[in-house]
Amino acid sequence: MWGGRFAEGPSAVMREINASIPFDKRMWRQDLRGSQAHVAMLGKQGIVSAEDAARIAEGLEQVAAEFEAEGVPDDLALEDIHMLAEARLADLIGPSAGRLHTARSRNDQVATDFRLWVRDAIDQAEAALEGLQDALLSRAEEHAASVMPGFTHLQSAQPVTLGHHLMAYFEMFARDRSRLTDARARMNLCPLGAAALAGTGFPLDRDATAAALGFDGPTRNSLDSVSDRDFAIEYLTAAVQCSLHLSRLAEEFVIWASQPFGFVSLSDQWSTGSSIMPQKRNPDAAELVRGHSGRIAGALVSLMMTMKGLPLAYSKDMQDDKPPVFEAHDLLGLCIAAMTGMVESATFRTDRMRALAESGFATATDLADWLVREAGVPFREAHHITGRAVAAAEGAGIRLDQLSLDALKEIDARIDDRVYGVLSVDASVNSRTSFGGTAPVRVRAAIVAARKGLEEEGR
């Protein structure tokens, strides 16, 4: 289709390295949408006749029906989805198909198709993340008062509730959705009409094609229009951050499902066995979510390295922009779906969680706070007093709240029996009523606010 300048065809190797149809054919819907908008504008502007515009539009509908029913064939001779679709259109309607490419280049065509595809990918990721958030809310509501150990350095720190812990991930995924929303808003300008790099002399209505494709308007510089892949990099950046959050949640499930922790039992749907050890129940889905984050991060690095030194405007290197984005999209969708399923179906061992929360001196900070609040002790001194109390309990092999009052008074005479009101794990979590704290009343309020926010987003 571009061979007029050339006396010979490409070599077999050149044909293979040059062709992108094996991967860019997944953009066929976006390509045909862009062509429909373009030909409608050409007809309205009188750039092509009304008859040709109608014939092309009807032919494009037939091409779409064929691709939907039969798939898109791999024809390396036609290079990419754009030339393949146009060639099939020519088979169906004859020479008038050649008018479709008036006032556009494959450069602005692919830039438009790719933006449309990434925009659709963002919408899919956002919808999937909303489903994961909803699952987290349901389980958090169920366990708003279920006590578990909170960790720093993976060491028992202070008691929290399982609902509070799950809501932390709700907040992470809310930020991920906001990053995707921001990326979508920034990319929502239409490159169609920029042509190869310099615009065109035809009297286009770029606002019309932008509106027809759901963009906020046309891009403002033709050179930037065809060479920009910021939108894809920004999408991948958001995808990487989301995958890191998914990986952290997956790692929690891996740890919690281990026998030493025993906090969770994953359903059979999200577990595998061993070929040799019949007792094994492996959290493979969670491990794969954890592993896939590395591949998604690799996709971002791949695209950044492709783009880092390219001069304006289009270079063939940019053909490599799509495979990493497609791979990251597929992996991210799998990971979100897997984590949603694990959250929904997991059996949380709250008895085990409570037992470990009670065994790790997790209410030590509550004793220090009590000394500050009730006995007027400076916090640094209270910290030292509490440290001696922990050492005494550890030496006796008992919990902090099992130390006798005499033993506590021996450590510091200002301690009285009111202290036992703060040393249990329930008292500890109930006292954390500051905004954003782990107290069940705060967790339930956060869940109500979160549900309201999701409902408002859906309107």
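What Kirkwood radius, in Å to one decimal, follows from the Cα pairs of segment 193-256?
In segment 193-256 this quantity evaluates to 14.9 Å.
Counting Lys and Arg as +1 and Asp and Glu as -1, what is the net charge of the other residues whose Cβ lies under 10 Å from the Cβ of residue 254?
Local net charge: -3.
What trypsin sites (Lys or Arg not before Pro) does segment 273-327 have in DSSP loop regions with at most 10 other beta carbons within 10 Å?
In loop regions of segment 273-327 (DSSP not H, G, I, E or B), the sparsely surrounded trypsin sites (Lys or Arg not before Pro) are 308.
Out of all DSSP beta bridges with both ends in the chain, state the antiparallel percent to the nearest 5.
90
Which whole number in µm²/s is D for segment 12-102 by Stokes-Einstein, with the Kirkwood Rh taken over Cα pairs at 20 °C and 1.002 mPa s?
My calculation gives 160 µm²/s for D.
Looking at the chain, how many pairs of lysines come closer than 22 Å at the Cα, when each pair is eight or more places apart or spans two chains?
For the chain, qualifying lysine pairs total 4.
Give me the one-decimal nm value for the distance between modelled label points at residue 281 and residue 49, 7 Å along each residue's Cα-to-Cβ direction.
It is 7.4 nm.
Quote the Stokes-Einstein diffusion coefficient, in whole µm² s⁻¹, for segment 357-458, based on the Kirkwood radius over alpha carbon pairs, a temperature of 37 °C and a viscosity of 0.692 mPa s.
The estimated diffusion coefficient comes to 219 µm²/s.
Could you provide, to the nearest whole Å², the per residue accessible area of the chain with probe 1.4 Å?
Accessible surface, normalised per residue, equals 47 Å².
Run the 1.4 Å probe and let me know the accessible area of residue 15, rounded to the nearest 10 Å².
Taking all protein chains as shown, residue 15 has close to 100 Å².
Please state the charge dipole magnitude for segment 128-271, taken about the Cα centre, from unit charges on C-beta atoms (+1 on K and R, -1 on D and E), reported in debye and rounded to the nearest 20.
Here segment 128-271 has a charge dipole of around 220 debye.
How big is the dipole moment of the chain about its Cα centre under a simple scheme where the beta carbon of each Lys and Arg is +1, that of each Asp and Glu is -1, and everything else is neutral? Debye, nearest 20, please.
That gives a dipole near 720 debye.
How high is the FRET efficiency from residue 152 to residue 68, r the C-beta distance, R0 51 Å, rounded to 0.05?
Using R0 = 51 Å, I get an efficiency of 0.45.
As I understand it, the dipole of the chain uses +1 on the Cβ of Lys and Arg and -1 on the Cβ of Asp and Glu, about the Cα centre. Which of 133, 196, 402 lies farthest toward its positive end?
Checking the options against the dipole of the chain, the answer is 402.
At a 1.4 Å probe, what is the % contribution of carbon and sulfur to the accessible area of the chain?
Of the solvent-accessible surface of the chain, carbon and sulfur hold 53 percent.
List the trypsin sites (Lys or Arg not before Pro) in segment 187-234 that DSSP assigns to loop (not H, G, I, E or B) and whose Cβ has at most 14 other Cβ atoms within 10 Å. Which are they?
220
Can you give the Rg/Rh ratio of segment 1-155, where Rg is from the C-alpha atoms and Rh is the Kirkwood radius?
Rounded to two decimals, Rg over Rh is 1.24.
Provide Rg over Rh for the chain; use the alpha carbon set for both Rg and the Kirkwood Rh (inverse mean inverse pair distance).
1.15
Which translational diffusion coefficient, to the nearest whole µm²/s, is obtained for segment 107-350 from the Stokes-Einstein equation, given a Kirkwood hydrodynamic radius over C-alpha pairs, 4 °C and 1.567 mPa s?
65
Give me the percent relative contact order of the chain, please, defined on Cα pairs under 8 angstrom at least 6 residues apart.
Result for the chain is 16 percent.
Can you give the charge dipole size of segment 344-459 about its Cα centre, rounded to the nearest 20 debye, using +1 on the beta carbon of Lys and Arg and -1 on the beta carbon of Asp and Glu?
That gives segment 344-459 a dipole magnitude of about 340 debye.
The values are calculated or read from the model by the stated rules, or taken from the named source; none is laboratory data. Predicted, not measured: the structure shown is a model, and the values here were computed from it. Here Cβ is always computed from backbone atoms with ideal geometry, including for glycine, and neighbour counts include all displayed protein chains. To get the accessible areas, we keep the full protein, side chains included, count just its heavy atoms, and leave off ligands, DNA and RNA. Shrake-Rupley method; radii C 1.70, N 1.55, O 1.52, S 1.80 Å.
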